[in-house]
1. Here is a list: 50, 41. Which entry is surrounded by 10 or more Cβ atoms within 10 Å (Cβ to Cβ) and modelled with pLDDT of 75 or more?
2. Any chance region 10-27 includes a residue that's part of a helix (DSSP H, G or I), exposed (fewer than 10 other Cβ atoms within 10 Å of the Cβ) and modelled with pLDDT of 75 or more?
3. Residue check, residue 66 against (1) touching a helix residue (DSSP H, G or I) at 6+ places or on another chain (Cβ under 7 Å); (2) modelled with pLDDT of 90 or more, all met but one. Which one?
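The values are calculated or read from the model by the stated rules, or taken from the named source; none is laboratory data. On a predicted model such as this, the values are computed, not experimentally measured, just so you know. When we count neighbours, we look across all protein chains shown, and the Cβ atoms used for this are built from the backbone with ideal geometry, even at glycine.
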């Protein structure tokens with residue numbers, strides 16, 4: 001068996017192992033659950049930023065104004 005044949009065999013074996021490991025239904029279920037958790041966290045963060053956006057902007061603007069009031073900053 002030459003080097004090319006070994007490389008092809010290795011590639012096919014690796015792909016087969018990856019695809020074979022995805023046949024576990026619990027693993028797929030876990031991935032979906034993690035995706036849903038991430039989506040929910042993202043939605044909550046987006047809603048929080050939208051509702052508190054003006055307050056955050058005012059707070060940061062207040063910090064900027066305070067820092068600009070001191071000479072040398």
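1. The unique qualifying residue is 41.
2. The answer is no; no qualifying residue exists.
3. Result: residue 66 fails condition (1) only.
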